[in-house]
Each structure stands twice: as C-alpha cells, then as structure tokens.
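Data block below; observations after.
Each value in this text was obtained by applying a stated rule to the coordinates, not by laboratory testing. Just so you know, these numbers come straight off a predicted model, no measurement behind them. All Cβ positions, even for glycine, are placed from backbone atoms using ideal geometry, and neighbour counts span all protein chains on display.
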Amino acid sequence: MATSISFAGLSCFLLSLCLVCSVKEGYAFEELRESHAESYLTHTFEVSSLFASSICNHSTKANERESTFIVVDKYGPCFQPNQQRSVVSPSLTDIIRSDRARIYSIHHSRLSKSSGRRDHIVEPNSLSIPVKDGSAFSTSNYLVTVGLGTPKKDLSLVLDTGSDLTWTQCQPCTRCYKQTEPLFDRTQSSTYVNISKTDSVCAYVQRPGTVPPGAETLCFYGIAYGDGSISLGFFSKETLTMSAAEKINSFLFGCGTDNRGEFDLEAGILGLSQESASIVFQTAAKYNKIFSYCIPSSASSTGHLTFGSQTPAPANIIYTKLVAQKSPSYGLDLIGIGLGGTKLNISESVFTTPGTIIDSGTVFTYLPPNAYPTFRDAFRAAMTAYPLTTGRPDDDLDTCYDLSKTSSVKVPEISFFFKDGKVVGMPGKSSLVTYSKTNSQVCLGFAPYEAGDDEIIIGNQVQRTMEVVYDVAGQRIGFALNGCT
C-alpha cells in the first residue's frame, strides 16, 4: 500500500513537473516570437521626406574629403543651370523604358564579348557603330562637374559605372545636342592633344566603319548605347582638373563632334567601369583603383564621388566580394534577398544562375521573374497598414501606395545576402520611388527582369544615402550607412 501511494505521488509529481515545463516552454516560445517580432527591422520616416523640395539641401560629407566631386540630380534644384530653365523630371514609365534600354545594352555587350561578336547600331548612311555598355541618357540623372582643358572649363558629366569611355561634346561640332554649359572648344585649350590611330591606346576604343574627311590618320571613336544614342569624335588627351590641388595630365577622353539621341542637359559621361579607358584605371597609380559614391536621398539633396581610400574608413562598412567575370560591369555573388532582416525562402540558384551586377545608371532593381513575386508579396504583407493604389504608373510597377492619409510611414529593411556570408541591409526609405507628390503616392522600386535579360541588377534608387566603395584592386565592394545626408 505504501508502495502504491508512493507511485501515485511520484506520478502526480511528474505530471505537475511536465505541466510546469510545458507552461515554461510555452512562455519561452511566446517570448521568442515577441523577440523575433521586435527584431524585424523597419525604418520609420516622414512621408514628406520622400519628395524633393524646391530648395537644395547640401551634404557636408563632400567638403570633408580630398579628390571629391559633388553629385547632383540633374532634375533637382542642386543642379545650378536648373535655376535658369524649366525642367520636367521623367515619368516612371520613361524611367522603366530607359532602364530596359540600358539593360539591353549591358546584357548584349556582355554576350558579344563572350561570343566574339558585337551587336551594332547601323545609321542610314551605313555607319556601323558597336553597341557598348552605357546609359539610356534620358534618366541617367546623377551628374558630377569636372574641369577639362587649359584654361579649365567646367562640364557636367553623367556618373556611370557601366561605361568605360569618358567623353564630352566638342567644338568645332558637326552635330551636337543642346547642353547646359558651353561646348568644350579643343582649339582654345593649350593642353589638348590628338591621338594617332597607330597609337597603342587607340585600341581602347572602337572605330566606326567610316570616318570623316581629315580624320583618317587620327584615333576616331564611335560609341552607341542601348537606347540608340551615339557619340562619335576624336579619342584625345587633355588635362582633367579634379580640384584646385589635383590634376590628371594626359587624360584620355572622347572629344565628341557628332552626338545624337536621348541626351538632355549633361555635357557627356564620366566612365567608371573596369576597362582600360575608364578614369578608374587611368588614375590607378594615384588612387589604387578605389572610388566611392553616395547617391543623394532625393533630387533636392547632394551626394559625392570620391577617388582613393578614405581615412578614417566609413563607419561599420561591410565588404563583399567582386565577381571578376562580370567585367566590365561590377558583379556580386548575390544568393538571396530578405525583408526585415530575415532571408526569404527562395532557392539560392534563382540568384546565382543569372548573376548580379550593381549599377549607378539603372534606376530600379530588377529581380528574376521567379523571385520577384515572393519578394513583392512579402513586402505587401509588411505594408498592410497602407492602402494599395488602384491605378499604376506602369505595368512593371505593381505595388504602389497612397500615403495621403498618414504623415509617417514604416517600411521594412531590405537585405541582400551574399555568398561570402555578408548581409547588407538597405534603408527602407530607399525601396520606394515617388509617383505623385500631389497625392502622396509611391511605388516599390523593384521589378522582374524580362525574359532574355537574365541578369539581376541592383539599381541606384536602392543605393541612396549609402556609401558604396569600389575597391577594384582588392576585388571587393563595401556598403556603409549614412554616406550622405
């Protein structure tokens, strides 16, 4: 009997203990869920801060560095010529169209390099020009001002990591589009030098099928872009002024005398790719193939483009590996994407098969068609507090919100997961593009890439306010928060 009582007591004790354990485990599970909810990374900001104002907000970061250019949006008040003219920003449909043209240019140039052939644009006069990596100019909107020639003439050039050749329009000009600054007159510079077609550096550029009379012995270049824009002219040497104390002598550039297409405001392009003619490689001895930029948060703010390493280095910078085979574009080993700091359940092969590049000239970020819906649906689930708009500015932008009934908005952080284990979180604010300031409407700045493009592109909008460091010599790219205000 005593044994029976003892067994019953032990059974009750064990049952009570199990119940206590179950309750404790239940509380622990709830605490874990609450902790996970608290760790879901979001960014809250004023809705008004998404839209550009009429007053320029200058970042002070550029003034703290040497070898630095100020970066401005050519459609905003920080671009001084806009104060003398009426400027209309492109619509989201225009941006998508130009993005598609740029992606075509990048993709087909890469294919032609690997296959040994080149796609060409053929003009009515049978002038055949190789399509190169580069901009669709109507929306390549970030400009830097450089000094060219002696005496120095200031010119506003497009910041472009997808182009190798730096070029500007030149007088005497056969056919030139209207730009903001006076055209560069090579006859008025004491340091301008023509390059012979037999010079070894002439191999850095492509010669068109025909050249104008008088240019037969000179290095005459032809470059075409995916949107049909072209530039032809003389590959030459000139003095490039970066600051009052820093100049680059015998800088190789294109002196364009025949320029046509989707050009607007800018005087030309500043090539930052991984090829020999780019400013990155021409200044390798001085800056060790290192440059960085910060794209401003809106059209009414400024950013910067810096050459050389910085001391001290940007705080909390995260480096990930550069993929060399994506040259001349800058390739990354992306294996996944996440929201709120959590990686989405998408197979890594979806990202690794097409490959990824980061680009300063493409505006939106383009994901594989079999990854985009999962990402979009997760984003929508995190944004249920805000109504989706019924009308869309473009079929590619299918997630747009009406924020007119709220003064602030909470957006999940977007994370990029890389093969080397690095995770880079982008500010939630940079995931949104503005649609209608009057109605406070914004859209998710991501879209699926089209069949045949087969390449993920991290565009410039999601990079906004980040310090993006290109250490080409070290074969890595770094990301740091709060690069410019």
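Rounded, prolate or oblate: pick one for the range 183-287, where a ≥ b ≥ c are the square roots of the eigenvalues of its C-alpha gyration tensor, a/c under 1.5 means rounded, and failing that, prolate if a/b is larger than b/c, else oblate. Note, shape of the range 183-287 comes out rounded.
Our note on the geometry: Cα centres of the range 393-469 and the range 214-256, 35 Å apart. When a/c is below 1.5 the answer is rounded, else prolate if a/b is larger than b/c, else oblate, so apply that to the range 313-480 with a ≥ b ≥ c taken from the square roots of the Cα gyration tensor eigenvalues. Prolate. Site pair VAL193 and SER276 shows an inter-label distance of 1.7 nm when each label is modelled 7 Å from Cα along Cα→Cβ. Secondary structure note: in the range 313-480, about 85% of the DSSP beta bridges are antiparallel.
Spin-label pair THR217-ALA385: with each label point 7 Å from Cα along the Cα-Cβ axis, the two points sit 7.3 nm from one another. Students often forget the sequence filter, so: which aspartates and glutamates lie under 16 Å Cα-Cα from LYS289 once same-chain residues fewer than 8 apart are removed? Leaving aside aspartates and glutamates fewer than 8 places away in the same chain, those within reach of LYS289 are GLU66, ASP160, ASP164, GLU275, ASP471. Taking 7 Å steps out from each Cα toward its Cβ at ALA473 and GLU181 produces label points 2.8 nm apart. By other beta-carbon atoms within 10 Å, ranking ILE290, ILE103 with the fewest at the front produces ILE290, ILE103.
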